[in-house]
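Working notes, beginning with the structure itself.
Quick note: the coordinates plus some simple rules give every number you see, no bench work behind them. Here the structure is a predicted model, which means the values were calculated and not measured. Neighbour counts run over all protein chains shown; Cβ positions are idealised from the backbone, glycine included.
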Amino acid sequence: MDHASQFETLARAAMAADAHDPPALAALHEQLDTIAAALNATDPAPLHDAVDTGRRLLTSLLLRETDDPEGALALVRRSIEEILSCLPDRAPASARSDEENELLAAWVAGCTDALSRLEAAILATEDASSTTAADDARRIIHTIKGEAGVLSLDAVRRAAHDLESAIEIAESGPDGFPAEAALAFVDWMKSAVEVLDGGGSSLPPDTSVRTALARLQADDGGTGDGTAAASGKPGVPDAGGDGTLAEFVSEAREHLACAESNLLRLEAAPDDPEPVNAVFRAFHTIKGVAGFLGLDLIVRIAHGAETLLDRARADRTFRMERDALDVALAAGDLLGRLLDAVDGSSVPPRAECDALLERLVAVLDGRTTPPPPAAAATAGPVGAGSTGTGSAGAGPAGAGSPRRMAEQTVKVSTSRLDTLLTMVSELVIAQQMIIHDPAVRAIAGPRLQSSVAQATKIIRNLHDLTMSLRMVTVRSTFQKMARLVRDIAARSGKQITLVTEGEETEFDRTVIEEIGDPLVHLVRNACDHGIESPAERIACGKAPTGRLTLRACHQGGSVIVDIEDDGRGLDRDRILRTAIERGLLAHEQCSAGITDREVWQLIFLPGFSTAAEVTDLSGRGVGMDVVRRNIERVRGTIEIHSAPGSGTRFRFSLPLTMAIIDGMVVRVGAGRFVLPTLAIEQCMRPVAARVTAVAGRGDMAVIRGELLPVYRLGRVLGLRGSDAEPVHSLLLVLDTPHGRCCVIVDEILGQQQVVIKSLDPSMPVPRSIAGGAILGDGRIALILDPAGLVAEAADSDA
Amino acid sequence: MHSGPASRSHRVERAYPGRYLSFHLGCGAYGLDILRVREIIAMIDITPLPGTPDFVRGIINLRGRIIPVVELRRRLGIAAAADDDQACIIVVEREGREGSDPRLTGVIVDRVSEIVDIDADSIGPAPRPARGTGAGFISGVGRVQDTVIPLLAIDRILHAGEVAPSGGGAGDAVTEAA
């Protein structure tokens, strides 16, 4: 049966219905009848049940058999909700924007990892000695639930939620952690992730999870009723499909992403002709190819959007702002969803297409349209003029406008890149071994020497090139935030300007992947809770438009990412109060002077987040545990600065783990180590007079008038046989996020680019070691993390 | 005898019939599940890793991949001896996350000898260890011709996290020197 449009209207009608409005109720009843007639045996049992319940309730409502019409209607709404929730392919009702698709892709990628961690945690709960496993499992499930909610993956969210409740109940009982049910969830999630990864959107039925949960309830003496029997809908989509079609979908998505970012640019600078042209081209291309492929709906929407943009190009008085911009963005979103539907995995949202085309026409006619229910207030810069007041030129009619200077690119799977990198590293090492082989060295022919020199040069270039392939700029990550900020601003009626700095900063791909989620959390928090409403801001004497800054830069061998808002700042008292209520902090501790820094750290505590949600403690708790864990996973740190009334800044300092660095290779004792060159400020012979022992503080040196601690690398690392003759050793002045310091090494061996290779995560290495680098001779040198070094040296002093 | 499906419990490793790589350590022979052996390499330069338990000899470069190397003698509480030219590193695949590449760890042994088939009739449960050292490191014993060799519970052995560095490790050197 064709669920989509039917259920769309049904849901809307149910929301609008009034308990005292018989015609509306009758219409609703009729719709349910139609659905009931269309149902067949293959539809899940709960769907049948819900439809029947709805009809029964409506009948009694219509016949005025009930005393509490409002209550009855509420029940009707609930059963309709249930009907909707029974549909695995509910995608049309909650289809995804292009943006969300990217988020989804990122989530899918991260989910596999989360699931294996969850699995490990569940298995560990069976080990009585493990106390944290259950907490870990709960946290992962909670995260999955939250993320699924954001991504409108209702089935996942529901299953995770039910599982969470089940765990809570079971843990208070004698049986403890319900590993069976949790594992069923993991298995189901794995297959769901596989479907999503393949580009599909109809998730497999969660029968196994339901069964496991039902069994749990039955054990509990509860009502383990027939919910388990739900046989899901068919339809795992064929992920492969036609090559041309798949290509079109992926290209069209890129065009949409480009259109969207340009539309957002337009919002900031409505008079700039270039974004208009770019958006026009994007829609035009999509239309062309879709026409060729016979995708009519896409052609219609793309054509509509194109007409709008064409008007903006040709008509100087027509400006792309407010309504026009909203409609264009909505068209982009809708196209994204239509693309989802192309592979047949979901039903195209026809009704919405018509609605959107109507809005397009209205905007072109110069009428103001009622915005769709979702997007209420307009956000962004205040453009007072309505449509038709534009003064500046909208640019030349774009037929001959220059092509975008996009670099020609080829998409390559990351696993191939990694393989390439590994193989090139092996090549370098193999070549070094040949050169140093005594047999080869014995041949003194000049021809051989020049060939070897030539090969060395080529391999070096190849190596450098391959290394650079791993690096990506933070630009696209920041750009994703632009849409998030806009949506939140629109929803909450706030005015927020997003400023991004240092978009060109290059990060290792792995680091970028890890900071994506924390950024989303923090940006959402800053917009939702940090930045005040315009009225409130004016009352505080601030500009009505809030400002959110994302900044990235390299600093002293670390990568820094700032998320800074100029909102109300963290509420110290409320955090403290909540911490005490939650038993995370004793009263005495609190009354004793606790520093701001310590207070801010509280918000990262697991369990603090739920409290924040419940008490609405300026919201800063939500998901902070996740933020911290992600950052810690790449050995980064988070620093918070907050001042009441003037805003909050979160600063991630990410060590250059997993990245390529320019390194200084030094010798300490018999070992070789690499220090990030960027962290090295200066290098000098430690003249005896310069290093002095200060009572209680260890060795210190005066460098340019500043008293800095001196660490002997050999000692900090616990190496023997070094520092024999400090007079011959060298003093390096390091700049770290934790302040400047000096280290003493035995010798500098040279400078070279190295790739940081992570060490086995199960080895408990000290914080001062960021990883290993394979040097030219194939041997390993440990890479030191200056920040970790300082922290560790400070710890061992204490 | 345990002839059920080979479901690996996370707490106790139990030996199953199959092929084993036998190797020598001190004066005894041991067996290692051949399915866990990635390769055997000659001794190479090992970079020491500060702050790790003393049985971790360091890290090596295995064709561009950095993997830790464990000194099995120390781990099993056998008196240390200098490596001779028969000593080699067995690269073992460890239980990792499903789907991802298995984690690799090198294990230093005195010499490898042969691959043996141990069928269900020649395999027996691990004897209870007399002392604390090496508790749970043996997953069973296998009869090979006239001798009985202990079969190693390699995941347990390589699980470095749960073992605090015992005395004399690099960790102590810090305080010693300071």
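Can you classify region A:414-469 as rounded, prolate or oblate using the Cα gyration tensor, where a ≥ b ≥ c are the square roots of its eigenvalues, rounded means a/c under 1.5, and otherwise it's prolate if a/b beats b/c and oblate if not? Prolate shape, in that a/c is at least 1.5 and a/b is the bigger ratio. Database remark: amide H of A:Gly569 closer than 5 angstrom to the amide H of A:Gly645, A:Gly647, A:Thr648 (H placed geometrically; neighbours at sequence offset of 5 or more, or on other chains; Pro and chain starts carry no H). Of the GluC sites (Glu not before Pro) in region A:450-531, the ones in a loop by DSSP (not H, G, I, E or B) with at most 11 other beta carbons within 10 Å are A:Glu504. Around the amide H of A:Gly663, modelled in the peptide plane, lie the amide H atoms of A:Thr677, A:Gln752, A:Gln753, A:Val754, all under 5 Å away and 5 or more residues distant in sequence or on another chain. Computed 3J(HN,Hα) for region A:22-37, one whole-Hz value per residue from the Karplus formula 6.51 cos²θ - 1.76 cosθ + 1.60 where θ = phi - 60°, is x, x, 5, 5, 5, 4, 4, 4, 4, 4, 4, 4, 4, 4, 4, 5, glycine and proline marked x. Remark: region A:414-469 carries a charge dipole of roughly 220 debye about the Cα centre, counting +1 on each Lys and Arg Cβ and -1 on each Asp and Glu Cβ.
Shape analysis of region A:243-370 places it in the prolate category; the axes a ≥ b ≥ c from the Cα gyration tensor give an a/c of at least 1.5, with a/b above b/c. Neighbour counting of Cβ atoms within 10 Å sorts the residues A:His554, A:His29, B:His159, fewest neighbours leading, into B:His159, A:His554, A:His29.
If you wrap the tightest convex hull around every Cα atom of region B:18-162 and split its volume per residue, you get 129 Å³.
Among the trypsin sites (Lys or Arg not before Pro) in region A:44-82, those placed in a DSSP loop whose Cβ has at most 14 other Cβ atoms within 10 Å are A:Arg64. Simple point charges give the picture: +1 on the Cβ of Lys and Arg, -1 on the Cβ of Asp and Glu, and for region B:18-162 a dipole about the Cα centre of about 400 debye. Taking amide H atoms as placed 1.01 Å from N in the peptide plane, the amide H of A:Thr505 lies under 5 Å from those of A:Val474, each 5 or more residues away in sequence or on another chain. Karplus-based coupling profile of region B:24-36, in residue order and whole Hz: 10, 8, x, 9, x, 9, 9, x, 9, 3, 5, 5, 8, with θ = phi - 60° in 6.51 cos²θ - 1.76 cosθ + 1.60 and x standing for Gly or Pro.
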